[in-house]
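Here is the structure we will look at.
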Amino acid sequence: MHINISPAITHDTAFKWFKKYTRQELNAATTYQQIDYELHATHLPFDEDEWDALVHIILMEGMDGMECIVAAQSLAKSDALGKSTTRNLLLQGPSTEDSAISDLLLQDPSPWLLVMEWAKQQADAFPLLIDQLEKFGDCFHYEEWRDIFNAVFNASEDG
């Protein structure tokens, strides 16, 4: 799963319109019109293809896809990856371009799969997640993952 998060996607009000669409509260035309209006007010470009790509993820992955999008959007807003431009997140982890995350973190997708499972279950499973991740040795250092955990917690609180 590839999620492209641009500054337009991190715009809170525009993203709230998108979430209304995903809950079937609005049709696509109205949603995109509102997103365009919100982005125009802040001088951000509206790219329909960018939003369509997110819709495609939801169509293919269901609510798991939406949860990943929300987590990626929150992570991008927190600038946890140290980038100020578009972020590309894969299920296996963030892009290595300009990333503050160590190469060891990206060598094995298994820790990321555990994090994605934890994101579905949330706080009750957090101590178990940490225990499992510590088994990866040099690949897991809590300090390198803290911003990711915070982004997932924040995304889940935002709904």
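The values are calculated or read from the model by the stated rules, or taken from the named source; none is laboratory data. Because the structure is a prediction, the values reported are computed rather than measured. FYI the Cβ positions are ideal-geometry reconstructions off the backbone, even for glycines, and counts take in every protein chain you see. Surface areas here come from the heavy atoms of the whole protein model, side chains and all, with no ligands, DNA or RNA. Shrake-Rupley method; radii C 1.70, N 1.55, O 1.52, S 1.80 Å.
Taken over region 47-75, the criterion of being closer than 14 Å to HIS11 by Cβ and either open to solvent by 30 Å² or more (accessible area, probe 1.4 Å) or of a type in the set (Asp, Glu) (or both) is satisfied by ASP47, GLU50. Of all the numbered requirements in (1) modelled with pLDDT of 80 or more; (2) open to solvent by 20 Å² or more (accessible area, probe 1.4 Å), LEU104 misses one, and that requirement is (1). Once region 22-46 is narrowed to residues that are under 23 Å from ASN154 (Cβ atoms) and in contact with a Leu (Cβ under 9 Å, 6 or more places away or on another chain), the residue that is surrounded by the fewest Cβ atoms within 10 Å (Cβ to Cβ) is THR22. All of (1) modelled with pLDDT under 75; (2) farther than 23 Å from PHE153 by Cβ hold for SER78 with one exception: (2).
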